[in-house]
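The values are calculated or read from the model by the stated rules, or taken from the named source; none is laboratory data. Quantities reported herein were computed from a predicted structural model and do not represent experimental measurements. Please note: Cβ atoms are built from the backbone with ideal geometry, for glycine as well, and neighbour counts cover all protein chains shown. The area values use the complete protein model at the heavy-atom level, side chains included, leaving out ligands, DNA and RNA. Shrake-Rupley method; radii C 1.70, N 1.55, O 1.52, S 1.80 Å.
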Amino acid sequence: LRVAFNPSGALSFAFSWREGTLGSDLSPRCSIKMLGSGARSTILWSCVVGNVATQTTRTFIAATDFNLSNTRVQMERPTKTRELAITPTTPAEQGYIHFYSSVVKFNETDYRIYYFSKGIAGYHSHVATATTPLGPWSKPALGLFDFNGSSDNNLISVDVVLVSVFVDRAPDVPESERIKAVSGNHIYTSSDGFRFSLAQSLYVGWKNFGDTQPVLFWDDVASEYIAGGRVDEAWGDSPCLSHPYQGATPNSGPGSTRSVGTATSSTLRNGTFSKYSVVLGSNQSHVGSLDSSCVDLYTSAIVRYEDVFLIFPSAYYHFRHTDPERAPAISRGKGNDGVLAVRLAWARSSTDHFSYVDPLIPEAEWIPRGRGRFLVDDWRFVGDYDAGHVFMTWGLLQHTSSTASAEWDTIVGYHHGSQLTHGGVDGWFTPGYHNSTTSTPILSGIERLELRRDGFASLRLVSGATVGSASLEVLLPTCRADTALQLLLNAEVAVGGAVRVGFNHSGFAVDDADDWIGNDVRRAATWNLGSADLSALEGLPSQVMFKLVHSAQLYAFELRCVSNPSLQPHTKIS
């Protein structure tokens with residue numbers, strides 16, 4: 001849906017969809033309502049094409065959308081499975097597995113992780129394959145590049161870092177260029193995802209775009225390419241200005257710091273990308289750690305998830321120059337050092353300012369570092385493999401973990417970790433940069449993460465409350481005659497708790513609602529002892545209210561046109 005204001009002040013609306021995605025019945029049934037007037041007006045809309053209701057799934061990531069009473073939105077962390085999908089096992093990988101990687105689904109039985117390694121022999125790009133999102137991951141013998149006299153390896157390039165790989169879903173893209181990889185500011189294309197060649201006419205980026213992992217993908221919803229990369233932003237009010245941190249140069253003239261930027265374009269041809277927007281800057285990062293309060297940001301790993309965009313920046317916590325423990329390392333010439341962990345931020349548009357998900361603890365770490373002991377002279381930690389730094393692998397996958405579930409229920413992601421500090425990435429492999437006090441090898445790898453579907457944030461009661469609510473204005477979609485409208489919940493309710501849902505319409509109020517109990521990612525709310533049918537409310541502007549009782553967590557809700565309503569109802573248990 002595109003909304004525009006005409007010169008006369010009237011609103012115009014245009015609907016579009018990509019051919020072949022919505023089945024044979026392409027007759028849209030759309031409703032638009034405006035509530036209020038002037039600057040206080042709210043536009044509600046819903047649209048059904050075929051049997052698909054659009055704009056219907058809402059997560060609780062965007063806390064500002066809801067009127068909250070005794071409830072709050074809390075960021076939820078993924079489960080670190082401690083199962084390493086990738087570790088340095090081949091001769092070409094000796095050294096360590098580097099920061100940046102991407103995971104890609106090609107089809108239901110073809111998943112790939114693209115990553116690169118760094119060592120004394122330099123940089124090398126690799127691929128691992130699996131038949132499920134969970135692995136196990138194997139390193140295929142591709143026979144494409146010679147390494148130490150053998151091509152029996154999984155190398156897809158030598159000295160070119162091809163770690164941001166995506167399947168280009170844009171219309172009219174030749175199959176020979178369907179698979180693309182970004183390296184620095186350049187784009188490479190492939191027909192099989194193994195053999196890549198530089199596309200001379202394709203270029204994206206800005207200064208330092210490619211310094212941290214640059215990402216690029218086609219967004220079906222907006223019908224445009226979205227690029228995410230590094231921006232060197234002016235210091236602003238960053239605390240790095242007034243403290244002596246490693247990697248910062250305060251009080252020595254104009255400075256800059258790592259921030260996240262995005263840009264959009266309808267094509268990948270040269271010069272077509274919009275000027276980048278700084279969507280998350282380090283001068284909003286004033287919460288410190290045990291080591292520092294000077295923080296800037298690496299990577300974006302930007303993805304679309306349902307109604308929002310998500311980024312997963314790695315926050316770089318700089319060590320202090322004045323810390324006597326770090327002085328030996330600093331004296332050997334490496335002053336740019338610290339540790340990194342992954343945060344989570346969201347925005348409605350890819351070029352809007354992004355906000356951290358948890359309003360109470362805005363800069364909480366989404367993927368924290370592992371546990372370990374810091375060895376100052378070695379630029380490293382000993383302990384968990386990810387005690388030094390953590391980076392998000394670009395890309396999220398869907399998985400059905402339960403055979404009893406008719407819907408996918410698990411988000412699968414991956415993250416990189418290493419025992420090295422930021423300075424150790426170069427220092428460990430440069431003669432004279434460290435005085436090794438241990439012969440223990442550097443541990444590094446890529447680990448699988450798991451998260452409940454829609455589980456980036458939850459609505460829950462504030463501390464001490466036993467009952468709370470959240471409400472939102474919606475426009476209920478109008479379904480096809482042979483389907484029925486239902487409201488499906490993704491929630492987890494402990495024994496003694498409940499979720500009740502109501503509308504500001506007779507017969508469907510909160511007091512008419514049955515208790516929703518249990519744990520499910522998509523189950524219908526019901527009213528009046530078992531009825532899930534909302535057909536009587538189709539097309540109406542409504543206020544929906546969610547009431548949480550005792551221990552209940554709500555992750556998302558979806559308004560869906562259901563073909564067989566008899567499969568969905570939930571009977572009240574009293």
- Note on the structure: Result of the Cβ filter at 7 Å on the range 156-174, keeping first residues that are within 16 Å of TRP394 (Cβ to Cβ) and partners that are open to solvent by less than 30 Å² (accessible area, probe 1.4 Å) and basic (Lys, Arg), at least 6 apart or interchain, is PHE166/LYS180; ASP168/LYS180
- Message: Condition (residue is of a type in the set (D, E, K, R) and either open to solvent by 10 Å² or more (accessible area, probe 1.4 Å) or part of a strand (DSSP E or B) (or both)) applied to the range 152-159: is it met by at least one residue?
- Response: yes
- Residues of the range 510-540 satisfying the condition of being more than 29 Å from GLY455 (Cβ to Cβ) and of a type in the set (A, V, I, L, M): LEU529, ALA536, LEU540
- Query: Assuming ALA465 fulfils every condition listed in (1) in contact (Cβ under 8 Å) with a residue 12 or more places away in the chain; (2) not in a loop (DSSP other than H, G, I, E, B) apart from one, which condition is it?
  - Reply: (2)
- Query: Is it true that ASP511 is modelled with pLDDT of 90 or more, surrounded by fewer than 16 Cβ atoms within 10 Å (Cβ to Cβ) and touching a Lys or Arg at 6+ places or on another chain (Cβ under 9 Å)?
  - Reply: yes
- Query: Is there a residue being at positive phi and either in contact (Cβ under 8 Å) with a residue 40 or more places away in the chain or open to solvent by less than 50 Å² (accessible area, probe 1.4 Å) (or both) anywhere in the range 78-90?
  - Reply: yes
- Message: Please determine whether any residue of the range 13-31 is β-branched (Val, Ile, Thr), modelled with pLDDT under 65 and under 27 Å from LEU537 (Cα atoms).
- Response: no
- Message: Residues that are closer than 19 Å to ARG178 by Cβ and modelled with pLDDT of 75 or more, at least 3 per element: which strands (runs of 3 or more DSSP E) completely within the range 203-270 meet that?
- Response: 215-219, 224-234
- Note on the structure: Only unsatisfied item for GLN94, checking (1) open to solvent by less than 60 Å² (accessible area, probe 1.4 Å); (2) in contact with a Gly (Cβ under 6 Å, 6 or more places away or on another chain); (3) free of Cβ contacts under 8 Å to residues at least 60 places away in the same chain, is (1)
- Query: Can you pull out the residues in the range 400-419 that are within 30 Å of PHE374 (Cβ to Cβ) and among the small types (Gly, Ala, Ser)?
  - Reply: GLY413, GLY417, SER418
- Query: Only one of these conditions is not met by LEU68: (1) assigned to a strand (DSSP E or B); (2) buried (at least 21 other Cβ atoms within 10 Å of the Cβ). Which number is it?
  - Reply: (2)
- Filter result (within 20 Å of ARG453 (Cβ to Cβ) and touching an Asp or Glu at 6+ places or on another chain (Cβ under 9 Å)) within the range 308-319: PHE309
